[in-house]
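The next block holds one structure in the form of structure tokens; read it before the comments.
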Amino acid sequence: MEKILDLHIHSRYSRACSRDLELPKIATMCLKKGIDIVATGDFTHPKWFEHIQKELQEVSDSGLFELKNEKNPTRFILGTEISCIYRDKEKCRRVHLLIFAPSFEAVEKINADFDNLGFNRKADGRPIIGLSAKKLLELILRADKRCFMVPAHAWTPWFAIFGSKSGYDSIKECFEELTPHITAIETGLSSDVVMNRRLCALDNIVLISNSDAHSLDKLGREANVFNFESEKEITYDNIVNILKTGDKKKFLYTIEFYPEEGKYQYDGHATCGVCLSPKQSKKEKNICPKCKKPLVIGVEHRVDDLADREAADIPWEKFIPYKYIVPLAEILSQILEVGPKSKKVVVEYEHLLQNIGSEFYILLKAGEQEIKKYTHYPELWLAINNMRTGRVGLQPGYDGVFGKIGLIGEKDVRKPIQEQLI
């Protein structure tokens, strides 16, 4: 049985996050989206962890949790994101890390260690701590050897293991002798599987994709599709084992943003309105042609710097496949030429879900006749089919500015390289 997992979200206690991010509302939105298993997010925050303990109960010693007082099939995995800012090898490092824990007891030990070290858990759902990535890994493994760590949005310029502003050039440089514990990384919105697979050093690393949602509507904008043989197999330990082994029979594919839509795909300066490809930036010696200050180097440029093979040389048969999506509200927004939160979009979105199924079903599996039967807008099937086959218009994001993906009208052909493998 296929299950869709979103393993990186936030709570109402993280900065710049919606106050609607509470567990019952998250579970309800997961039903709409088609998400089966979702991270709790932010378990180091005192008030959020109280909320987790109040609202959730473990499902049959599985290490996964469900709502106590509502009949909702959504399962939760205990997870959080930590911001580590520290000096290492004569440089300031800023690395965001995902942590997963198998039990409330493990979380309590982690939180107690944070308190003993003087970290302020109340300040933010995603706390900033002065501990190295390696030291944090040691801490969570002391709390429970079943805890698991994944570098978050691995290529984001400012806060990532490979970030151009404060990251490392390899996983080993960051984690040293503990490197074998890092078996997976999160691609992030501005990079995709193709970009990551250009690095031979990541051949044995599992790539996962998650939403990093700061509001309910952003849940599932990236996700992972796992295969379980039975309900009994859906456990914390089995999820972690899939993330350790990359078993292609268990990990079917990732669901990806088109990376051009991410905020850091190209280089540029938002204040100057300058967006440049890596090739253009290198011609400018990475200096903004308007203000003459250094450009913010984006993900594609950083990948180019570290990559040791071209996309055409990637041995795809070794790796987990992927599919691209554009969120349904964004598709409807393009068709109706109104904002994605406008009444017209919301009404059609709810109508489609009520008559066809979850958002992921509509985006990934619903057929032409099924969609045309229920939509009020005949362009919807054209847009969804273009999304699935990679016939899209591309306007890359840069320096914190989201890019745009066009599904109606003039298009580039960006057919997913692995489409035939899925």
Hey, among ASP267, ASP304, which residue is in a helix (DSSP H, G or I), closer than 24 Å to SER170 by Cα, within 23 Å of the chain's Cα centre (by Cα) and not assigned by TED's automatic domain parsing to the domain that holds TRP155?
ASP304
Wholly within region 64-159, strands (runs of 3 or more DSSP E) carrying at least 3 residues that are within 21 Å of TYR13 (Cα to Cα) and assigned by TED's automatic domain parsing to the domain that holds SER14:
65-67, 75-88, 91-101
Here are some residues: LEU219, LEU252, LEU243. Which one is under 22 Å from ASP42 (Cα atoms) and out of contact with any Ser or Thr (no Cβ under 6 Å at 6 or more places or on another chain)?
LEU243
Of GLU317, GLU350, GLU370, which residue is crowded, with 16+ Cβ neighbours inside 10 Å, of a type outside the set (A, V, I, L, M), outside the structural domain of SER215 (by TED's automatic domain parsing) and part of a helix (DSSP H, G or I)?
GLU370
Condition set touching a Lys or Arg at 6+ places or on another chain (Cβ under 8 Å) and more than 27 Å from ASN210 (Cβ to Cβ), scope region 256-272, selection surrounded by the fewest Cβ atoms within 10 Å (Cβ to Cβ): answer is CYS272
May I ask you to list the residues in region 27-49 that are small (Gly, Ala, Ser) and buried (at least 24 other Cβ atoms within 10 Å of the Cβ)?
ALA39, GLY41
Looking at region 55-78, can you tell me whether even one residue there is surrounded by fewer than 20 Cβ atoms within 10 Å (Cβ to Cβ), closer than 22 Å to ALA112 by Cβ and in contact (Cβ under 8 Å) with a residue 60 or more places away in the chain?
no
Out of all the residues in region 328-335, is one or more part of a helix (DSSP H, G or I), among the hydroxyl-bearing types (Ser, Thr, Tyr) and at negative phi?
yes
Of everything in region 353-367, what is in a helix (DSSP H, G or I) and touching a Leu at 6+ places or on another chain (Cβ under 8 Å)? Give them in sequence order.
GLU359, ILE362, LEU363
Residues of region 177-197 being touching a strand residue (DSSP E or B) at 6+ places or on another chain (Cβ under 7 Å) and of a type in the set (Asp, Glu), in sequence order, are GLU186, ASP192
Specify which of the listed residues (SER281, SER230) is surrounded by 14 or more Cβ atoms within 10 Å (Cβ to Cβ) and among the hydroxyl-bearing types (Ser, Thr, Tyr).
SER281
Buried (at least 17 other Cβ atoms within 10 Å of the Cβ), touching a strand residue (DSSP E or B) at 6+ places or on another chain (Cβ under 7 Å), more than 26 Å from TYR168 (Cα to Cα) and at pLDDT 95 or above - does that describe any residue in region 110-121?
no
Pairs under 7 Å by beta carbon, first residue assigned to a loop (DSSP other than H, G, I, E, B) in region 229-242, partner modelled with pLDDT of 95 or more and among the hydroxyl-bearing types (Ser, Thr, Tyr), six or more apart or different chains?
ILE234/SER62; THR235/SER62
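Conditions (1) out of contact with any helix residue (DSSP H, G or I) (no Cβ under 6 Å at 6 or more places or on another chain); (2) acidic (Asp, Glu); (3) in contact (Cβ under 8 Å) with a residue 40 or more places away in the chain, marked per residue:
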position: ASN286; (1), (2), (3): yes, no, no
position: VAL303; (1), (2), (3): no, no, yes
position: LEU306; (1), (2), (3): yes, no, yes
position: ARG309; (1), (2), (3): yes, no, yes
position: VAL338; (1), (2), (3): no, no, no
position: LYS341; (1), (2), (3): yes, no, yes
position: GLU348; (1), (2), (3): no, yes, no
position: GLN369; (1), (2), (3): yes, no, no
position: LYS373; (1), (2), (3): yes, no, no
Of the residues in region 161-190, those that are of a type outside the set (Phe, Trp, Tyr) and closer than 20 Å to ASN286 by Cα come to GLY163, SER164, LYS165, SER166, GLY167, ASP169, SER190
Among the residues that make up region 173-184, is at least one of them within 13 Å of the chain's Cα centre (by Cα) and touching a residue at least 24 places away in the same chain (Cβ under 8 Å)?
yes
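The values are calculated or read from the model by the stated rules, or taken from the named source; none is laboratory data. Note that the coordinates shown come from a computational prediction; the quantities given were computed from them, not determined experimentally. Cβ coordinates were reconstructed from backbone atoms using ideal geometry, including for glycine residues, and neighbour counts include every protein chain displayed.
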